[in-house]
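Computed from the coordinates by the stated procedures, all read-outs in this text should not be read as laboratory data. This is a predicted model, so every value here is computed, not measured. Please note: Cβ atoms are built from the backbone with ideal geometry, for glycine as well, and neighbour counts cover all protein chains shown.
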Amino acid sequence: MRILNTVAFFAAALLSSSSAFAAGGAVADEFKWMTFAVFGVIIAITMAITFWAARTTHTTSEFYAAGRSVSGIQNGWAIAGDYLSAASFLGIAGLISLYGFDGFMYSVGWLVAYITVLLVIAEPCRNIGKYTMGDILAFRNDPKKTKVVAALSTITVSTFYLTAQMVGGGVLIKTLIGIDYEISVIGVGLLMLAYVVFGGMKATTWVQITKAVLLVMASLLLVFLVWSPYGFSLPAYLKAVIGDDKVIAQVAKLLGSAAATMSKEELGQRFLEPGLFLKNPIDQISLGMALVLGTAGMPHILMRFFTVPSAQAARTSVIWAMAIIGGFYVLTLFLGTGAAMLVGPAKIAGIDPGGNMAGPLLAQYLGGGAQSLLGNFFLAFVAAVAFATIVAVVAGLVLASASAMAHDIYVGVIKGDRASQKEQVVAARVSSLIVGLMAITVGILAKGQNVAHLVALAFAVAASSNLPAVFLTLYWKKCNTTGIIAGMLIGSVAAIGLVMISPNMTYPKAVLSAAKKVMEGEPAVEAKAAIPGEGLKCELFAVCPKAEPAKLAQAAKPGAPEKKAGLQAKLAIATDAAEKAKIEKDIAGLDKTITKAEDDLKKFAGQTTSMMGLEKPFFLLKNPGLLSIPLGFLCVILFSLVTRDKRAEEMWDELYVRQNTGINAEGANVH
Amino acid sequence: MSKREMNWAAIDTDPRFQELHRKKTSFLWGLMLLSTVYYFMLPIGAAYFQDLFKIKVWGVVNVGILFALSEFVVAWTIAFVYSKKANTEFDVMAQAIIADAHKLGV
């Protein structure tokens, strides 16, 4: 256990060392000690959990599946802890605070996804699986071949998700408390490694439970404070939200020139209506498909069902997870709208354009504001929950990749399933270490990259590759090895390929022209009539004109330097201190915009094409699911039909009986 | 539990297992279809039936918000209905088959 203590010490030292304090962050310098104190308490709790879990983690079943001794309710909380990543915890509240209804609509798919998990995946997987997705596929298909493909897919999906979490987490911690990006990535990585390597699934599970409980408690408290002044009436509360000037100003900004003809009341009401953020319904449906089918194919979620003693407990755990996750998203409606009304969209977007700071800033406001002790304690608490969130999600992902590497590849393929318990556990720990160090390295290398699309990509690959393979193996008699391999490879390559040529990538021409507009301003634009599209094909690929909505006329806009000069002139004659401060703030904002535009102009000078050699996106959706998911299913079916596989046919009866009855399922450990 | 060799084909053809299979399949597909259709009505409604979504029905609360909230209620209801059915019916049927499993086809 000496190593464990060393890691704990190192992590704590990193977090508290003065070199880690960088300027900036939402927490004011004089209150930072409080944030670190709350962080310290949470780290201490999780370390105690790890220490306790490490003492009972000796066998493979204990390392990968917590000895199958996690109860249904506990697993439900752990699934919620695993699933509510920083993106959904902070991101959705942020989207609601900036865009109202559309942000809330976005959250629905994340819950509905669990219906698929509940109805078709959780119980059969518990009944026939052991530790990994590869075990499920290898049940009736060629074990070595399917384990290799399943492990590759698991590692691919987890790496995308992991990179998004590491980079997002690093940025988040920097924005919240101003710790350097690299240091927070290393800190998160080392802590997570300590949980996984020493405590295996047991520690990971309890870290996730702790985090989920903290998250729900914090949200309930904030929602209580936001809603209680309105007597817990929904219409009265929302009426106050949309009557707020900050919200009205945000809607007016989003609508642009169309807002000119609308009354204040209409503008406010618009916040509760669709269309402020999500403009492309086909893209929405594509994302919805990836969520609804991808969640059930996420290796780290699948793995959670091996930790409970029976299929009944797996069922209970999904029901609990749905109650917690759904309840949480309903709370985010209040967190988001509350932040919009009390803090204001402009301030939220000013600190982080994606809106991630909505929840933390709301907490600070409700505690008494930026200068108060309680306000900063609230903020510190929410920041610590965000930190625990990142660590818990990352730990689950690392465990999933490491099990694919150690259990599927090393034990299953290289050792031909002949390895002693001790050897297997060592392999699992070494793999966790490798994956963890890889995650830290990738996190640092990807600094400053746009990784938001990686989460959507992870879901798309899981939905196009893992889900068709698992689903058809479980429910379709004719499914076989060739079908699984072809479907998984083609499904994931299609999903990744489509994203590479989609609007998610960076297109230098577009960046340069946007930067130019910032610097030089825009000429006036005349109103344009709507253009009808030429069919679905044109909505998906850049081969023919796509439908365009009508556009209103737009007055000419000056460039940022010109605006700045105007403001400086105003500043010179301003006399009121408050007015002066406001102008100075606006100038500082403009300076930021100018620096960014200048950087972009320099960075992309002379470049005309994206990484894939395209000037503009060829595939027009951000989410590939609409095409890649049917393709994945189709390939499994076609390749299964044209080939024969005796084992897959012979094993069908056993698989089907076992997945429905649980006969011979892996039992719980008896201590 | 020691793992015994079972005659899986015999269990598979047992009428009780066939009955379980039939009941489960139609029930699960029904719920799955319902949840999928209901879910996709939300983005489709938000995109193509905006006038409907904008109708105010409860103070400033409009159809869109109520519909989005109803998605949560429907998801929870489906989960509840399934778990009730599985706990009271499917588990009992499976238990009867498990009790006899080692005798079948031997």
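Listing for the model above:
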quantity	calculated
Value of Rg/Rh across segment A:57-448 [Cα atoms, Kirkwood radius]	1.01
Rounded Å value of the spacing that divides the Cα centres of segment A:497-522 and segment A:228-267	32
Furthest towards positive pole of dipole, A:Cys125, A:Leu137, A:Gly109, structure part segment A:72-148, Cβ charges	A:Leu137
Orphan Cys of the protein assembly as shown, criterion: no other Cys C-beta under 4.7 Å	A:Cys125, A:Cys479, A:Cys635
Nearest 10 degrees, 0 to 90: helix A:2-16 Cα axis against chain A principal axis	10
Highest-first arrangement of A:159-171, A:648-660, B:79-91, where packing means the average Cβ count within 10 Å	A:159-171, A:648-660, B:79-91
Top positive-direction residue, dipole computed over segment A:57-448 with Cβ charges, set A:Ile414, A:Val393, A:Ile92	A:Ile414
Burial ordering of A:Ser158, A:Ser71, A:Ser233, fewest other beta-carbon atoms within 10 Å first	A:Ser233, A:Ser71, A:Ser158
Shielding by partners - mean other protein chain Cβ count within 10 Å, residues of B:46-57	3
Two-decimal ratio, the protein assembly as shown, of alpha-carbon radius of gyration to 2.2 N^0.38 Å	0.98
Kirkwood Rh and Cα Rg combined as Rg/Rh, segment B:29-101	1.25
Given charges at Cβ of Lys, Arg, Asp, Glu: chain B dipole, positive-most of B:Val73, B:Asn87, B:Phe27	B:Val73
Residues A:Thr56 and A:Lys477, FRET efficiency given R0 of 35 Å [Cβ-Cβ distance, rounded to 0.05]	0.30
In nm, spacing of pseudo-spin labels at A:Leu374 and A:Thr608 (7 Å Cα→C-beta vector)	6.3
Value at 222 nm in deg cm²/dmol, rounded to 500, when DSSP H runs of n ≥ 4 in chain A each add -39,500 (n - 2.57)	-22500 deg cm²/dmol
Net charge dipole size for segment A:83-232 [Lys, Arg +1 and Asp, Glu -1 on Cβ; Debye, nearest 20]	520
Förster radius 45 Å - calculated FRET efficiency between B:Phe80 and A:Val642, Cβ distance, rounded to 0.05	0.60
Mean-position separation - Cα centroids, segment B:34-89 and segment A:138-163, in angstrom	35
Fully extended contour minus Cα-Cα distance, from A:Ala48 to A:Ala569, at 0.36 nm per residue	181.6 nm
Electrostatic dipole magnitude of the protein assembly as shown [Cβ: Lys, Arg +1; Asp, Glu -1; Cα centre; debye, to 20]	740
Shielding by partners, peptide A:227-239 (average Cβ within 10 angstrom, other chains)	2
Partner chain coverage, peptide A:113-120 - average Cβ within 10 angstrom	6
Order of A:Val308, B:Val37, A:Val157 under a 10 Å beta carbon neighbour criterion, fewest first	B:Val37, A:Val308, A:Val157
R0 of 45 Å, Cβ-Cβ distance B:Thr25-A:Lys415: FRET efficiency to nearest 0.05	0.70
Cα-based convex hull volume of segment A:510-609 per residue, rounded to whole Å³	144
Calculated Rg and Dmax of segment A:50-192 using C-alpha coordinates, Å	18.5, 52
Simple spin-label estimate for A:Cys544 and A:Leu255 in nanometres, 7 Å along Cα-Cβ	3.5
Chain A: angle of helix A:143-177 to the longest principal axis, Cα-based, in degrees nearest 10	30
Full-extension gain in nm, A:Lys246 to A:Val426, via 0.36 nm per residue minus C-alpha separation	59.1 nm
Charge dipole (debye, nearest 20) of segment B:29-101; +1 at Cβ of Lys and Arg, -1 at Cβ of Asp and Glu	340
Least to most buried among A:Glu520, A:Glu526 (fewest other Cβ within 10 Å first)	A:Glu526, A:Glu520
Between 0 and 90°, nearest 10: helix A:577-603 axis offset from chain A longest Cα axis	50
